[in-house]
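The values are calculated or read from the model by the stated rules, or taken from the named source; none is laboratory data. Because the structure is a prediction, the values reported are computed rather than measured. Note that we place each Cβ from the backbone using ideal geometry, even for glycine, and neighbour counts take in every protein chain shown. Only protein heavy atoms, including side chains, enter the accessible area calculation; ligands, DNA and RNA are left aside. Shrake-Rupley method; radii C 1.70, N 1.55, O 1.52, S 1.80 Å.
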Amino acid sequence: MEENWLFVDMESLGVVPNSSILSIGMLYVTDELKNASEDVLYSHGLYVLLDVEKQKRFIDKNTLEYWKNQ
C-alpha cells in the first residue's frame, strides 16, 4: 500500500490566531521520495516568504526578539 505525507510548517510573529505569518513551507512526499536525498526533497518542496507589512496583523514583541536572535 502506497503511503503519502504532507508536511506543512508556518513561522509567525506570535502565537495568537491573528499573528503575522513570516513564511510557509510545504513538502508532499510519496513512496518514491521517502528515501530521497535532502537536495531532491528541497527541489520538490515549496517555500514562500510573506510580506509582513501588507498583512497588518499582530506582531508579538517577544516573538520578534526570538527571531532576531536565531
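Quick one: is Gly14 assigned to a loop (DSSP other than H, G, I, E, B), surrounded by 11 or more Cβ atoms within 10 Å (Cβ to Cβ) and in contact with a Phe, Trp or Tyr (Cβ under 7 Å, 6 or more places away or on another chain)? Against the criterion (assigned to a loop (DSSP other than H, G, I, E, B), surrounded by 11 or more Cβ atoms within 10 Å (Cβ to Cβ) and in contact with a Phe, Trp or Tyr (Cβ under 7 Å, 6 or more places away or on another chain)), Gly14 qualifies. Just so you know, in the range 17-50 the residues that are part of a strand (DSSP E or B) and open to solvent by 40 Å² or more (accessible area, probe 1.4 Å) include one that is farthest from Trp67 (Cα to Cα), and it is Tyr28. Listed by first and then second residue, the pairs linking a residue in the range 49-70 that is of a type in the set (A, V, I, L, M) to a residue that is part of a helix (DSSP H, G or I) and surrounded by 10 or more Cβ atoms within 10 Å (Cβ to Cβ), with Cβ atoms under 8 Å apart and 6 or more places separating them unless they lie on different chains, are Ile59/Val52. Scanning the range 34-70 for residues that are acidic (Asp, Glu) and closer than 17 Å to Ile21 by Cβ turns up Asp51, Glu53, Asp60.
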